[in-house]
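S.K.: Quick one: the structure is below, and I'll ask about it shortly.
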Amino acid sequence: MPSAFNFNHPPFDCLSPAERQRVQDSLDIAYFPKGAVILDPDMPALYVHVVIKGHVQHVESGEVVAVYGPDDFFAARATMAGRTTSVLTALDEVITYLLPQATLKDLVAGNSRFSALLFADMSRRLSAVSEGNKSREFLSLMMVKVRDAFIRKPWFVDGHTDLVTLCRQLSDAGLTNALVNDVGPDGQVRIGMFTTTDLRDALLHPTPPGQLAVREVARFDLVAVGPDTELFDALLVMIRHRVHRVLVREGDTILGVLSQLDLMSFISNHSHLIALQVQQATRVDELQAAAQQMDGLIAVLHNGGVKIEVISSLVSELNTQIFAKLWACVAPPELVANSCLLVMGSEGRGEQILKTDQDNALLLADGFDCPDLPAIAQRFNEALTTFGYPTCPGNIMVTNPLWRQPLTAFKATITDWLHGADPDGPMHLAIFMDARAVAGDAALLHQAQQHLGKLFHGSDALLARFASAVDQFSEPGTWWNRLTTLRGREEQAFDLKKLGTFPIVHGVRALALQHQLSAVRTTERIHELSSHHHLDATLARDLTDALQFLMGLRLKNNLRLRQLGEPAHHRVRLSELGTLERDLLKDSLAIIKRFKQHLRTHFKLETL
């Protein structure tokens with residue numbers, strides 16, 4: 001019997017050891033020459049096929065719906081039913097594992113996650129995948145290097161410093177420990193550590209604290225780890241030596257101190273530590289150091305199986321803190337008080353996870369003047385660029401006077417975007433609709449949004465024209481056929497943004513505008529639309545699932561591209577996806593098609 005079956009791919013990765021053995025014992029192998037019909041409606045469906053070699057074309061109702069390659073599986077539903085309505089053909093020489101019907105039924109009956117991954121609707125399948133990811137999260141985080149955790153900067157005092165002076169200095173610096181520079185009895189330079197725990201013991205010393213040098217109570221038998229030590233190993237070192245802190249050394253250089261509390265905080269919620277660095281930053285370069293940890297945080301969370309909505313929420317909150325702190329660093333207090341700094345587009349919606357581009361603007365209080373504003377705006381956008389946020393190709397940034405206006409002037413601009421001849425007007429409106437205040441007077445944004453709502457209120461024609469952009473990137477109906485039949489160099493890529501997330505985001509945005517909803521995040525808009533009965537509950541659930549799946553697929557693809565040293569983009573080839581990912585992509589596109597049809601009917605787009 002075959003012995004190399006790959007259990008690392010869904011849904012087989014959720015099987016228990018006993019279930020895997022059951023699969024192993026029941027497998028057989030089949031060979032099909034090029035052009036052979038593997039399964040059709042006239043044949044009994046007795047086996048699930050798992051491809052070892054070659055490619056299999058799946059045709060349903062005369063349309064190619066999938067092409068399966070190595071490690072893909074097919075005919076699971078057909079095997080459960082004993083028959084199929086599809087035709088599956090070998091595109092080249094094909095070898096497959098055969099999993100018998102009886103074994104499949106036993107697995108489905110005994111393993112709910114396996115069954116969900118095979119047969120459930122999209123929501124339950126995504127839930128099953130998520131459950132499988134949770135068990136990897138802790139292990140993934142523990143494999144992060146020490147240099148990626150929060151290392152507190154070294155803070156030194158001389159060994160002759162008395163304890164009262166030292167405690168005053170610690171209080172002023174907001175610290176609970178210090179590294180001690182001293183010369184030992186042998187004349188050699190040594191490094192020690194003093195903590196508040198040592199202070200407890202020092203109070204029992206016969207010498208008064210004001211006369212007691214820190215060298216007398218500090219500990220000099222310190223334990224050190226390197227910056228490339230894995231967190232798990234660093235934790236073991238702490239446990240082994242019964243210490244709560246270790247030095248982080250790179251050669252003779254002391255990089256800082258890693259505490260057990262910070263280590264466990266990183267594992268349980270290491271986004272908190274980036275937020276702490278942002279709060280403590282007093283200079284732009286310190287803020288930059290925090291911002292540049294974001295991509296590492298995202299990769300760790302994604303690899304650990306954290307849900308996409310959790311990642312996007314964390315990233316959005318951290319970005320907000322970074323933008324607000326940077327604005328406070330470059331803008332004088334009177335400008336901050338008389339303006340509202342906005343982020344827009346996907347950043348405004350809280351759906352931009354990896355840094356792609358900047359979409360920001362500034363609303364000014366009427367009558368307020370700041371002669372240095374252009375230079376301040378320039379410093380702000382240039383700093384964000386150094387932080388890793390690329391400049392916006394469409395120049396939607398505070399350096400552009402169009403996106404840096406007093407409130408009354410900006411209201412006039414909004415009106416012109418709606419009624420004027422500017423071809424970019426509709427897109428600018430869509431971008432502004434997703435605006436979110438991150439610093440300054442949020443009332444300025446609220447007034448601008450109210451003005452926009454009044455312009456659209458009661459105008460079905462304007463709403464329909466706005467909603468019609470959902471078809472902006474539509475392709476001919478045979479695109480899925482082209483995607484699934486072309487392989488290798490000729491294979492067409494699927495644009496996850498234009499054909500995937502954009503129709504959902506913009507369609508939901510149009511409905512939110514019509515019903516004057518205040519939510520900005522797409523999933524929150526969907527929830528409000530559903531709860532107020534403006535959107536069918538089933539369609540709302542499906543749209544949420546589809547959006548989160550597409551966002552996760554896009555993040556996975558971009559993280560892979562970054563590992564390869566390639567620029568991030570929105571395109572993915574079906575051959576790069578596993579069987580379940582292709583199935584979920586197809587499910588998502590069916591949901592998008594249904595949603596677009598709903599929008600055409602709801603806004604009467606055929607009359608435009």
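S.K.: Considering (1) touching a strand residue (DSSP E or B) at 6+ places or on another chain (Cβ under 8 Å); (2) surrounded by fewer than 17 Cβ atoms within 10 Å (Cβ to Cβ); (3) assigned to a helix (DSSP H, G or I), say which one LEU166 fails and leave the rest.
M.R.: Every condition holds for LEU166 apart from (2).
S.K.: Return the pair list, or none, for Cβ contacts closer than 6 Å from residues in the stretch 97-111 that are in the same structural domain as LYS53 (by TED's automatic domain parsing) to residues that are hydrophobic (A, V, I, L, M, F, W, C) and part of a helix (DSSP H, G or I), at least 6 apart or on different chains.
M.R.: LEU107/PHE114
S.K.: Still on this structure: Of the numbered conditions (1) at pLDDT below 85; (2) closer than 23 Å to LEU364 by Cβ; (3) not aromatic (Phe, Trp, Tyr), LEU341 satisfies every one except a single condition; which is it?
M.R.: Failing condition for LEU341: (1).
S.K.: Is it fair to say ALA299 is over 24 Å from ARG147 (Cα atoms), assigned to a helix (DSSP H, G or I) and either in contact with a helix residue (DSSP H, G or I) (Cβ under 8 Å, 6 or more places away or on another chain) or not assigned by TED's automatic domain parsing to the domain that holds ARG525 (or both)? Give the steps one after another, and end with the answer.
M.R.: Values: over 24 Å from ARG147 (Cα atoms): no; assigned to a helix (DSSP H, G or I): yes; either in contact with a helix residue (DSSP H, G or I) (Cβ under 8 Å, 6 or more places away or on another chain) or not assigned by TED's automatic domain parsing to the domain that holds ARG525 (or both): yes.
Criteria not met by ALA299.
S.K.: Moving on. Given the conditions (1) within 30 Å of LEU561 (Cα to Cα); (2) part of a helix (DSSP H, G or I); (3) in contact with a Leu (Cβ under 9 Å, 6 or more places away or on another chain); (4) free of Cβ contacts under 8 Å to residues at least 60 places away in the same chain, report the number of the one that LEU384 does not fulfil.
M.R.: Of (1) within 30 Å of LEU561 (Cα to Cα); (2) part of a helix (DSSP H, G or I); (3) in contact with a Leu (Cβ under 9 Å, 6 or more places away or on another chain); (4) free of Cβ contacts under 8 Å to residues at least 60 places away in the same chain, only one is false for LEU384: (4).
S.K.: Give the residue, chosen from ALA430, ALA409, ALA448, that is modelled with pLDDT of 95 or more, outside the structural domain of GLN514 (by TED's automatic domain parsing), of a type in the set (A, V, I, L, M) and under 30 Å from MET294 (Cβ atoms).
M.R.: Details: ALA430 fails: modelled with pLDDT of 95 or more; ALA409 fails: under 30 Å from MET294 (Cβ atoms).
Of the residues listed, the single one that is modelled with pLDDT of 95 or more, outside the structural domain of GLN514 (by TED's automatic domain parsing), of a type in the set (A, V, I, L, M) and under 30 Å from MET294 (Cβ atoms) is ALA448.
S.K.: Only one of THR544, THR523, THR538 is in a helix (DSSP H, G or I), out of contact with any Gly (no Cβ under 7 Å at 6 or more places or on another chain) and farther than 26 Å from VAL306 by Cβ; which? Give the steps one after another, and end with the answer.
M.R.: Numbers: THR544 fails: farther than 26 Å from VAL306 by Cβ; THR523 fails: farther than 26 Å from VAL306 by Cβ.
Going through THR544, THR523, THR538 in turn, the sole match is THR538.
S.K.: If you don't mind, another one. If you check ILE396, ILE353, which single one turns out to be part of a loop (DSSP other than H, G, I, E, B) and in contact with a strand residue (DSSP E or B) (Cβ under 9 Å, 6 or more places away or on another chain)?
M.R.: Values: ILE353 fails: in contact with a strand residue (DSSP E or B) (Cβ under 9 Å, 6 or more places away or on another chain).
Just a single option satisfies the conditions, and that option is ILE396.
S.K.: Moving on. Out of LEU203, LEU261, LEU236, report the one residue that is surrounded by fewer than 16 Cβ atoms within 10 Å (Cβ to Cβ), modelled with pLDDT under 90, within 14 Å of ILE151 (Cα to Cα) and among the hydrophobic types (A, V, I, L, M, F, W, C).
M.R.: On the way: LEU203 fails: within 14 Å of ILE151 (Cα to Cα); LEU236 fails: within 14 Å of ILE151 (Cα to Cα).
Answer to the check: LEU261.
S.K.: Which of the strands (runs of 3 or more DSSP E) found entirely inside the stretch 1-84 contain at least 3 residues meeting this: closer than 17 Å to VAL108 by Cα? Steps first, answer last, please.
M.R.: Working: elements: 28-32, 37-39, 47-53, 56-60, 63-68.
Where strands (runs of 3 or more DSSP E) fall fully within the stretch 1-84 and carry at least 3 residues being closer than 17 Å to VAL108 by Cα, they are 47-53.
S.K.: Output the number of residues of the stretch 186-200 satisfying the condition of being surrounded by 11 or more Cβ atoms within 10 Å (Cβ to Cβ) and closer than 21 Å to VAL248 by Cβ. Please lay out each step first, then the result.
M.R.: Initially, the stretch 186-200 is screened for residues surrounded by 11 or more Cβ atoms within 10 Å (Cβ to Cβ), giving 190-199.
Retained after the next criterion (residues that are closer than 21 Å to VAL248 by Cβ): 190-198.
Residues in the stretch 186-200 being surrounded by 11 or more Cβ atoms within 10 Å (Cβ to Cβ) and closer than 21 Å to VAL248 by Cβ: 9 in total.
S.K.: Starting from residues that are part of a loop (DSSP other than H, G, I, E, B) and crowded, with 17+ Cβ neighbours inside 10 Å, keep the ones in the stretch 551-608 and report whichever is modelled with the lowest pLDDT. Break it down stepwise before answering.
M.R.: Of the stretch 551-608, the ones part of a loop (DSSP other than H, G, I, E, B) are 564-570, 573, 577-578, 604, 608.
From the residues that got through so far, the ones that are crowded, with 17+ Cβ neighbours inside 10 Å too are 570, 577.
Working: HIS570: 85, LEU577: 82.
The qualifying residue modelled with the lowest pLDDT is LEU577.
S.K.: Return a yes/no flag: does the stretch 12-32 have any residue that is charged (D, E, K, R) and crowded, with 20+ Cβ neighbours inside 10 Å. Talk me through it step by step, then tell me what you get.
M.R.: Just the residues of the stretch 12-32 that are charged (D, E, K, R), to begin with: 13, 19-20, 22, 25, 28.
Cutting the leftovers down to crowded, with 20+ Cβ neighbours inside 10 Å gives us none.
No, the stretch 12-32 contains no residue that is charged (D, E, K, R) and crowded, with 20+ Cβ neighbours inside 10 Å.
S.K.: Determine whether LEU175 is in a helix (DSSP H, G or I) and surrounded by 11 or more Cβ atoms within 10 Å (Cβ to Cβ).
M.R.: Numbers: in a helix (DSSP H, G or I): no; surrounded by 11 or more Cβ atoms within 10 Å (Cβ to Cβ): yes.
No: the conditions fail for LEU175.
S.K.: In this structure, does LEU261 turn out to be part of a helix (DSSP H, G or I), under 30 Å from THR165 (Cβ atoms) and not small (Gly, Ala, Ser)? Show your work before the answer.
M.R.: Working: part of a helix (DSSP H, G or I): yes; under 30 Å from THR165 (Cβ atoms): yes; not small (Gly, Ala, Ser): yes.
Yes: the conditions hold for LEU261.
S.K.: Is there any pair linking a residue in the stretch 433-453 that is more than 17 Å from ARG509 (Cα to Cα) to one that is assigned to a strand (DSSP E or B) and among the β-branched types (Val, Ile, Thr), with Cβ under 8 Å and at least six apart or on different chains, and which?
M.R.: Matching pairs, first to second residue: VAL438/VAL343.
The values are calculated or read from the model by the stated rules, or taken from the named source; none is laboratory data. Every value quoted in this text rests on a predicted model; they were computed, and no experiment measured them. FYI the Cβ positions are ideal-geometry reconstructions off the backbone, even for glycines, and counts take in every protein chain you see.
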